[in-house]
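The values are calculated or read from the model by the stated rules, or taken from the named source; none is laboratory data. What you are looking at is a predicted structure, and each value in this text was computed from that prediction instead of being measured. Virtual Cβ from ideal backbone geometry, glycine too; neighbours counted across all protein chains shown. For accessibility, only protein heavy atoms count, side chains too; no ligands or nucleic acids. Shrake-Rupley method; radii C 1.70, N 1.55, O 1.52, S 1.80 Å.
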Amino acid sequence: MRFPDRRAAGQELGLRLMEWASDGELPRPVVLALPRGGVPVAAEVARALGAPLDVLVVRKIGLPGRPETGIGAVVGDEPPLFDQRALAMLGLTEDRLARDVARERAELRRRALLYRGDRPPPDVGNRTVVLVDDGLATGATARAALRHLRRRNPARLILAVPVGAPESAAEMRAEADDVLCLSRPPDFLAVGLWYDDFEQVGDDEVIEILNAHRVASPPGTY
């Protein structure tokens with residue numbers, strides 16, 4: 001299953017989640033996007049559900065020399081979460097990656113300030129949280145995000161992605177109450193291969209989408 005672009009993928013996710021909502025399975029939903037690529041997808045999901053939209057900034061810690069391959073991730077001021085099996089197989093230590101962690105944490109703070117300003121993160125306690133990204137590869141960032149959110153006591157925690165590696169999607173079931181992954185191609189390889197248009201999403205686009213959704217949302221949504 002291929003998608004024309006991120007917005008079309010988000011519309012497909014939104015349709016599926018609307019079925020859950022119509023059965024009363026998504027009380028008080030809030031949609032959180034993993035920026036930057038997850039934001040256009042999540043905007044369509046939030047629009048379909050009539051839910052507030054915000055971002056949860058998580059930074060992937062990449063394999064040295066292959067930064068696109070995630071072996072860990074960091075959220076806020078929390079300790080980094082590493083794939084310990086991958087570290088052992090690669091002969092890496094957390095100390096060796098300390099500089100990478102510091103760099104990604106600085107970028108995380110920059111983006112959080114840029115996207116949210118002084119607005120606090122949404123209160124997700126006792127709410128249905130739908131965490132959205134444009135795809136699931138190694139699952140490093142999704143796992144860190146889900147564990148972070150679980151500690152904030154949501155009523156229900158859902159990971160929603162258009163496409164994902166089958167093994168990673170299966171592993172996320174241990175982290176989320178539900179995993180909605182529309183396509184799990186056995187020849188996955190990379191998220192971008194399953195989109196016709198997979199242009200990079202910039203900071204300006206993220207801010208524009210977030211602001212537009214807040215303006216369009218009914219009073220009391222946030």
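Odds and ends about this structure:
For (1) open to solvent by less than 10 Å² (accessible area, probe 1.4 Å); (2) in a loop (DSSP other than H, G, I, E, B); (3) modelled with pLDDT under 95; (4) not aromatic (Phe, Trp, Tyr), each residue gets a yes or a no:
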position	(1), (2), (3), (4)
Pro27	no, yes, yes, yes
Leu32	yes, no, no, yes
Ala43	yes, no, no, yes
Ala46	yes, no, no, yes
Ala51	yes, yes, no, yes
Thr69	no, no, yes, yes
Gly72	yes, no, yes, yes
Asp77	no, yes, yes, yes
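- Filtered residues of the stretch 178-192 (kept if open to solvent by 40 Å² or more (accessible area, probe 1.4 Å) and either in contact with a helix residue (DSSP H, G or I) (Cβ under 7 Å, 6 or more places away or on another chain) or β-branched (Val, Ile, Thr) (or both)): Arg184, Pro186
- Taking (1) among the basic types (Lys, Arg); (2) on the phi > 0 side of the Ramachandran plot; (3) within 18 Å of the chain's Cα centre (by Cα) in turn, Arg28 satisfies each apart from (3).
- Boolean, Leu180 is in a strand (DSSP E or B) and within 21 Å of Leu17 (Cα to Cα): yes
- Pairs, first more than 23 Å from Ala9 (Cα to Cα) in the stretch 148-173, second open to solvent by 70 Å² or more (accessible area, probe 1.4 Å), C-beta under 8 Å, six or more apart: Asn153/Asn126; Pro154/Asn126; Ala155/Pro27; Ala155/Arg28; Ala155/Asn126
- The set of residues in the stretch 89-110 that are among the aliphatic types (A, V, I, L, M) and over 17 Å from Arg143 (Cβ atoms) comprises Met89, Leu90, Leu92, Ala98, Ala102, Ala106.
- Count of the stretch 94-104 residues which are more than 24 Å from the chain's Cα centre (by Cα) and surrounded by 11 or more Cβ atoms within 10 Å (Cβ to Cβ): 1
- Verdict on Glu19 being part of a helix (DSSP H, G or I), open to solvent by 10 Å² or more (accessible area, probe 1.4 Å), within 21 Å of Leu157 (Cβ to Cβ) and of a type in the set (Asp, Glu): yes
- Qualifying residue in the stretch 112-134 (condition: buried (at least 21 other Cβ atoms within 10 Å of the Cβ), assigned to a helix (DSSP H, G or I) and among the aliphatic types (A, V, I, L, M)): no
- Leu56 vs. criteria in contact (Cβ under 8 Å) with a residue 60 or more places away in the chain and open to solvent by less than 30 Å² (accessible area, probe 1.4 Å): yes
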